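The values are calculated or read from the model by the stated rules, or taken from the named source; none is laboratory data. From a predicted model like this one, the values you see are computed outputs, not experimental measurements. Methodologically, a virtual Cβ is constructed for each residue, glycine included, from the backbone with ideal geometry; neighbour enumeration extends over all protein chains shown. In case anyone asks, the SASA skips ligands and DNA or RNA and just uses the protein heavy atoms, side chains included. Shrake-Rupley method; radii C 1.70, N 1.55, O 1.52, S 1.80 Å.
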Amino acid sequence: MKRYDYVLVGGGLFSAVFAYHAKKAGKSCLVVEKRNHLGGNIYCENIENINVHKYGAHIFHTSDKRVWDFVTSICEFNNFVNSPLANYKGEIYNLPFNMNTFNQMWGVTTADEAKAIIEEQKKEICGEPKNLEEQAISLVGRDIYEKLIKGYTEKQWGRDCAELPAFIIKRLPVRYTYDNNYFNDIYQGIPVGGYNVLIERLFDGCEVLLNTDYNQNREYFNSMGEKVLYTGTLDSLYDYKFGKLDYRSLKFETVVLKVEDYQGVAVVNYTEREVPYTRIIEHKHFEGAITDKTVITREYPADWQDGMEQYYPVNDDKNNQLFMKYKTEAEKESNMLFGGRLAEYKYYDMDKVIASALALCDKEF
Ligand code: FAD
Ligand code: UDP
């Protein structure tokens, strides 16, 4: 008999959902987390009575009723709707691209007028768009591409738009209505009290080891549990024997300001190339905190290097092939389960992570 039914490697959202259902099924879990807190990238730090999204703005949105019913059964969500602004050299535009943006850009007031301008501007693209630049111009025309897309995207990805895949820009809605909701999903909000409330309730009843890297002591942790759920990177699990997977990283600069309100909205994107950060987050707006001061975070994209957090996988052919080699190794493991954004080398929104964890729980319990 081993001491725990499960050893959960990583204390992020995937593990948290698994832990909750394991406990419901009468199973015991040990969580091994290398950071000094639970929550992974959704962790919040309370600064000046404001829940600061420590690893970048996190807005919960989903159209999956099972996921929404699950999270709202754990904690209350507020009615936050993400309506970010773009700042291009001091000019302010609404996002995502909608009639407000078209009105601000060209002075048009009807969908037909906006469509006529975009139709005219996209004539320069012949055939199927071959890269992000062509895709963007054929969606919203060159003016918007130049002011709101090119600089932002090149900062974010560290590459020219003509060298990036078209699909990245398709994530953004383009609407011919006056609707500034950044997401198309049915449900949206932020946990009341911040994401830590959700995380603490999901992990309630688990034993937790913080500041502990599973990969430093694998045999020992394997001996502690009947099974291991691993949510870290696969290349590190196999000591990088086929090489390292690439990531994009981010640097966050957080400051407390002695003003009640800095920018009047949670997120402002800085879309010109010359400003080194991509966006400024003003955290109090996620939950309508009423405080004298405010906390803002400037987000700087960065090439990933050893020791930095791995934020965005670089899913190009080279890296996807490398990942498949590690995945084949992982499939040979008999007592290990895998899941989450690192182990799957995938850009995963929170709702998709939860759906995937729930699917694993359906099989396991
Ligand atoms: P993680 O949160 O990364 O958790 C994995 C945990 O495992 C980490 O805590 C890590 O330290 C730990 N770990 C790894 N290896 C080891 C090891 N060897 N030993 C011990 N511990 C280990 N999603 C949305 O839905 N809406 C948003 O607005 C949104 N914004 C985002 C903004 C940014 C900048 C980023 C990067 C992501 C955003 N996401 C958003 C995605 C969201 O963060 C993820 O879906 C979610 O956090 C993934 O949970 P996870 O458990 O898979 O991974
Ligand atoms: N994008 C842009 N300008 C913006 C916001 C987004 O050009 O003001 C593009 C950019 O290429 C980005 C993609 O749309 O990578 C997807 O945006 P999203 O907000 O989903 O993710 P991000 O990459 O900004 O985290």
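Data overview
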read-out	value
Relative contact order of the stretch 37-178, defined on C-alpha pairs under 8 angstrom at six or more residues apart (%)	19 percent
The chain: angle of helix 132-144 to the longest principal axis, Cα-based, in degrees nearest 10	40 degrees
Global geometry of the stretch 170-241, whether rounded, prolate or oblate, following the gyration tensor of its Cα atoms and the 1.5 cut on a/c	oblate
Percent breakdown of C-alpha pair distances by 10 Å bin, ordered from the shortest bin, for the stretch 96-182	18, 51, 28, 2
Three principal axis lengths of the stretch 202-259 [C-alpha, angstrom, descending]	53, 38, 18
Debye, to nearest 20: dipole size of the stretch 257-365, +1 on Lys, Arg Cβ, -1 on Asp, Glu Cβ	100 debye
Alpha carbon centroid spacing (whole Å) that separates the stretch 50-117 from the stretch 283-346	22 Å
Values of log10 I(q)/I(0), in the order q = 0.10, 0.14, 0.17, 0.18 Å⁻¹, for the stretch 1-130 under a Debye, Cα-only, solvent-free model	-0.62, -0.89, -1.06, -1.12
The stretch 18-82, accessible surface, carbon-and-sulfur percent (1.4 angstrom probe)	43 percent
Which listed pairs, of 170/284; 115/346; 65/346, have C-alpha distances above 32 Å, in listed order	115/346
Whole-number percent relative contact order across the chain, with pairs defined as alpha carbons under 8 Å at least 6 apart	26 percent
Solvent-accessible area per residue, Å², over the chain with all protein chains present [probe radius 1.4 Å]	47 Å²
Simple spin-label estimate for residue 181 and residue 321 in nanometres, 7 Å along Cα-Cβ	4.3 nm
Estimated vicinal HN-Hα couplings, Hz - the stretch 124-129 in sequence order (Karplus 6.51, -1.76, 1.60; Gly, Pro = x)	5, 9, 9, x, 5, x
Using θ = phi - 60° and Karplus 6.51 cos²θ - 1.76 cosθ + 1.60, couplings along the stretch 6-14 (whole Hz; Gly, Pro as x)	9, 9, 9, 8, x, x, x, 5, 4
Residue-wise HN-Hα coupling along the stretch 273-282, computed from phi with Karplus coefficients 6.51, -1.76, 1.60 (Hz; x: Gly, Pro)	4, 5, 7, x, 8, 8, 7, 10, 9, 10
With every protein chain in place, the stretch 146-304: carbon and sulfur % of accessible area (1.4 Å)	47 percent
Rounded FRET efficiency, nearest 0.05, which uses the C-beta distance separating residue 213 from residue 300 and R0 of 22 Å	0.25
Global geometry of the stretch 302-365, whether rounded, prolate or oblate, following the gyration tensor of its Cα atoms and the 1.5 cut on a/c	oblate
Rg(Cα) / (2.2 N^0.38 Å) computed for the stretch 108-256, rounded to two decimals	1.56
Value of [θ]222 nm, deg cm²/dmol, for the chain, DSSP H segments ≥ 4, -39500 (n - 2.57) each, nearest 500	-9500 deg cm²/dmol
Average projection area in nm² (convex hull over Cα atoms of the chain, one quarter of hull surface)	19.4 nm²
Residue-count net charge about residue 234 - beta-carbon cut-off 10 Å; Lys, Arg +1, Asp, Glu -1	-1
Ranked by how many other beta carbons lie within 10 Å on average, peptides 349-358, 7-16 from highest	7-16, 349-358
Other-chain or far-sequence residues with amide H under 5 Å of residue 302's (modelled H)	249, 250, 251
Above-threshold pairs, the threshold being 32 Å between Cα atoms, out of 54/352; 54/332; 123/327; 2/363; 130/325	54/332; 123/327
The chain, dipole about Cα centre (Lys/Arg Cβ +1, Asp/Glu Cβ -1), debye to the nearest 20	660 debye
Inter-site label distance for residue 201 and residue 249 at 7 Å from Cα along Cβ, in nm	3.5 nm
The chain: angle of helix 111-121 to the longest principal axis, Cα-based, in degrees nearest 10	90 degrees
Gaussian network model of the chain, Cα within-10 Å springs - most flexible of 341, 218, 35	218
